[in-house]
Amino acid sequence: MPDQVALPIGVFDSGVGGLTVLRALRARLPAERFLYLGDTARLPYGTKTAATVERYALQAVGELARRGVKAVVVACNTASAAALPALVAAHRDLPVIGVVGPGAEAAVRASVTGRIGVLATESTVQGGAYPRAILALRPEAEVRSVPASLFVALAEEGWVEGVIAESIAHAYLAPLFADANAPDTLVLGCTHFPPLRAAIADAAAAAAAATPSGVPVTIVDSAETSAQALSELLVARGLDASGVPGPDHFLVTDGVERFLRTGARFLGRAIDPAQVERIDL
């Protein structure tokens, strides 16, 4: 068991968005080491079919397992929605968690009215993973999902505040607040979206204030809730580490320079090029 405890935690995403989850994991679990895999050669996953996403996810998590990790966080809402059951079945001895379940649980806890909005990629919305997860916990809930794919490009370009970000946020949120059944909780159902949290929150507050109920809106970030879920899992299985961790390591399938440049925005700090390795899947 001591050897297993010392193993890193695998974190998988289609690209750089999962670094928001890694950032939350690092803050919550400072004694752990992390092995991050971004499938940058094949992003975005959000516009691909579920079968394709599942195939890619199995390859990526298989690589993490081969390198030796004690748990895996699927830090991609699209991959969590499309591939989590297949990943769990393929790695029965390896704890694998996604970001959809923790995000849904947090939304259910936060919502007073039971009206919940989900902002996600087109693939995640079409797959219906969040409504299924939320309704399984709260059958009377009303869940409305909006595909907000432009947020991905805004986050990667660093345009997370100002007129452009605010205008797009208002446009995406308008349908959710067009009637009396406006949500009181919004789930950021894509790991690219947390950098835009302030713009989304401002747009939601303005839209909510214009509705008859004027109910304040709570923003749920699946990165933070997933970090809490992983922490609880590690403790329950006796896998939580202590002491001073070694450096994190990053695997990418293409575009190392872009990963270093863009990834720093999502991780909140510069990434050491010596810690980044290009691989083929």
Going through (1) in contact with a Phe, Trp or Tyr (Cβ under 6 Å, 6 or more places away or on another chain); (2) under 23 Å from Ala180 (Cβ atoms); (3) not polar (S, T, N, Q) one by one, Leu135 fails only at (1)
Out of all the residues in region 163-170, is one or more within 17 Å of the chain's Cα centre (by Cα), buried (at least 17 other Cβ atoms within 10 Å of the Cβ), farther than 16 Å from Ser222 by Cα and acidic (Asp, Glu)?
no
If I filter region 49-76 down to residues being surrounded by fewer than 19 Cβ atoms within 10 Å (Cβ to Cβ) and of a type in the set (Lys, Arg), which single residue comes out as nearest to Leu7 (Cα to Cα)?
Arg67
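Table: residues versus (1) buried (at least 18 other Cβ atoms within 10 Å of the Cβ); (2) over 19 Å from the mean Cα position of the chain (by Cα).
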{"position": "Ser111", "(1), (2)": "yes, yes"}
{"position": "Ile116", "(1), (2)": "yes, no"}
{"position": "Ala120", "(1), (2)": "yes, no"}
{"position": "Gln126", "(1), (2)": "no, no"}
{"position": "Arg132", "(1), (2)": "no, no"}
{"position": "Leu137", "(1), (2)": "no, yes"}
{"position": "Glu142", "(1), (2)": "no, yes"}
{"position": "Pro147", "(1), (2)": "yes, no"}
{"position": "Leu150", "(1), (2)": "no, no"}
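For region 172-252, please list each of the strands (runs of 3 or more DSSP E) lying entirely inside it that holds at least 1 residues being touching a Pro at 6+ places or on another chain (Cβ under 7 Å) and of a type in the set (D, E, K, R).
Fully inside region 172-252 and qualifying: 218-221.
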Looking at Gly62, Gly38, Gly46 in this structure, which one is over 19 Å from Ala229 (Cα atoms), over 16 Å from the mean Cα position of the chain (by Cα) and not basic (Lys, Arg)?
Gly62
Name every residue in region 254-281 that is touching a Leu at 6+ places or on another chain (Cβ under 6 Å) and within 21 Å of Arg66 (Cα to Cα), in order of residue number.
Glu277, Ile279
Got a sec? Which helices (runs of 4 or more DSSP H) wholly within region 81-169 have at least 1 residues that are closer than 27 Å to Phe266 by Cβ and among the acidic types (Asp, Glu)?
100-110, 122-127, 150-157
Go through (1) farther than 29 Å from Thr185 by Cα; (2) at pLDDT below 95 for Gly46 and report which single condition fails.
(1)
I need the full set of residues from region 208-228 which are surrounded by 20 or more Cβ atoms within 10 Å (Cβ to Cβ) and small (Gly, Ala, Ser), in order please.
Ala208, Ser222, Ala223, Ser226, Ala227
Condition first: in a loop (DSSP other than H, G, I, E, B) and either free of Cβ contacts under 8 Å to residues at least 24 places away in the same chain or exposed (fewer than 14 other Cβ atoms within 10 Å of the Cβ) (or both). Now tell me which residues in region 269-280 satisfy that.
Arg269, Ala270, Ile271, Asp272, Asp280
Criterion first (surrounded by 17 or more Cβ atoms within 10 Å (Cβ to Cβ), assigned by TED's automatic domain parsing to the domain that holds Thr40 and in a helix (DSSP H, G or I)) does Leu260 satisfy it?
yes
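Residue by residue, here is whether (1) within 27 Å of Ala82 (Cα to Cα); (2) buried (at least 24 other Cβ atoms within 10 Å of the Cβ); (3) of a type outside the set (D, E, K, R) holds:
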{"position": "Val5", "(1), (2), (3)": "no, no, yes"}
{"position": "Ile9", "(1), (2), (3)": "yes, yes, yes"}
{"position": "Ser14", "(1), (2), (3)": "yes, yes, yes"}
{"position": "Gly18", "(1), (2), (3)": "yes, yes, yes"}
{"position": "Pro30", "(1), (2), (3)": "no, no, yes"}
{"position": "Phe34", "(1), (2), (3)": "yes, no, yes"}
{"position": "Asp39", "(1), (2), (3)": "yes, yes, no"}
{"position": "Arg42", "(1), (2), (3)": "yes, no, no"}
{"position": "Thr47", "(1), (2), (3)": "yes, no, yes"}
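The values are calculated or read from the model by the stated rules, or taken from the named source; none is laboratory data. Only a predicted model underlies this, so the values are computations on that prediction, with no experimental measurement involved. Counting neighbours? That spans all protein chains shown, and the Cβs are built from the backbone with ideal geometry, glycine included.
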